[in-house]
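Colleague: Submitted below is the structure of interest, expressed as structure tokens.
No value in this document is a laboratory result; all are computed from the given coordinates. Values in this document were obtained by computation on a predicted structure and should not be read as measured data. Virtual Cβ from ideal backbone geometry, glycine too; neighbours counted across all protein chains shown.
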Amino acid sequence: MLSAETVTDELQVWVDQDLCTGDGLCVQYAPEVFEFDIDGLAYVKDPAGELRQSPGARVGVPARLRLEVIDSAKECPGDCIHVVRSADDVEVAGPDAG
Ligand code: SF4
């Protein structure tokens with residue numbers, strides 16, 4: 001369930017599966033946000049734990065997991081985790097971050 005205490009819509013995250021190497025760093029860092037599907041690639045999960053599989057699908061980043069998600073994006077070997085600010089769509093971590 002969405003909760004104001006645990007979920008913020010300030011940041012959103014999505015994964016470009018075309019570039020995912022399947023190494024699992026993100027799943028280790030933030031298993032509540034990233035999960036492998038049977039194709040061996042990482043996908044984002046919504047707060048109900050459902051994988052979001054449509055290309056470019058975004059989920060909100062829970063406030064308490066912001067650092068883990070940002071670290072995942074910075075260290076992702078595929079450079080394929082995009083963390084964007086919802087308010088203006090600016091990428092704050094990931095390959096398109098300034
Ligand atoms: S860290 Fe990046 S390359 Fe590795 S599994 Fe996650 S999304 Fe894929």
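Colleague: I want to verify a result. In a Gaussian network model of the chain, Cα cutoff 10 Å, which of these has the top mean-square fluctuation: Arg85, Arg52, Arg64?
Modeller: Answer for the Gaussian network model of the chain: Arg64.
Colleague: Residue by residue through segment 36-43, which ³J(HN,Hα) values in whole Hz follow from phi under the Karplus form 6.51 cos²θ - 1.76 cosθ + 1.60 (θ = phi - 60°), with glycine and proline marked x?
Modeller: Result, rounded to whole Hz: 6, 9, 5, 7, x, 10, 8, 10.
Colleague: Report the charge-dipole magnitude of segment 11-93 in Debye, nearest 20, computed about the Cα centre from +1 at each Lys and Arg Cβ and -1 at each Asp and Glu Cβ.
Modeller: Numbers: 7 positive and 16 negative charges, 62 e Å.
Roughly 300 debye for segment 11-93.
Colleague: Further question: What shape does the chain have by the C-alpha gyration tensor, where a ≥ b ≥ c are the square roots of the eigenvalues, rounded means a/c under 1.5, and otherwise prolate means a/b greater than b/c and oblate the rest?
Modeller: Details: a/c = 1.57, a/b = 1.17, b/c = 1.34.
The shape class here is oblate.
Colleague: Determine the gain in length on full extension of the stretch Asp37-Thr21; use 0.36 nm per residue of separation and subtract their C-alpha separation, reporting nm with one decimal.
Modeller: 4.5 nm
Colleague: I would also like to ask the following. Could you work out the helix-only [θ] at 222 nm for the chain, with each DSSP H run of four or more residues adding -39,500 (n - 2.57) and the total divided by the number of residues, to the nearest 500 deg cm²/dmol?
Modeller: Computed mean residue ellipticity for the chain: -4000 deg cm²/dmol.
Colleague: Grab the beta carbon distance between Ala97 and Ala48, set R0 = 30 Å, and tell me the FRET efficiency rounded to 0.05.
Modeller: For Ala97 and Ala48, the calculated efficiency is 0.60.
Colleague: What distance in nm lies between label points placed 7 Å from Cα along the C-beta direction at Leu67 and Ser86?
Modeller: 2.3
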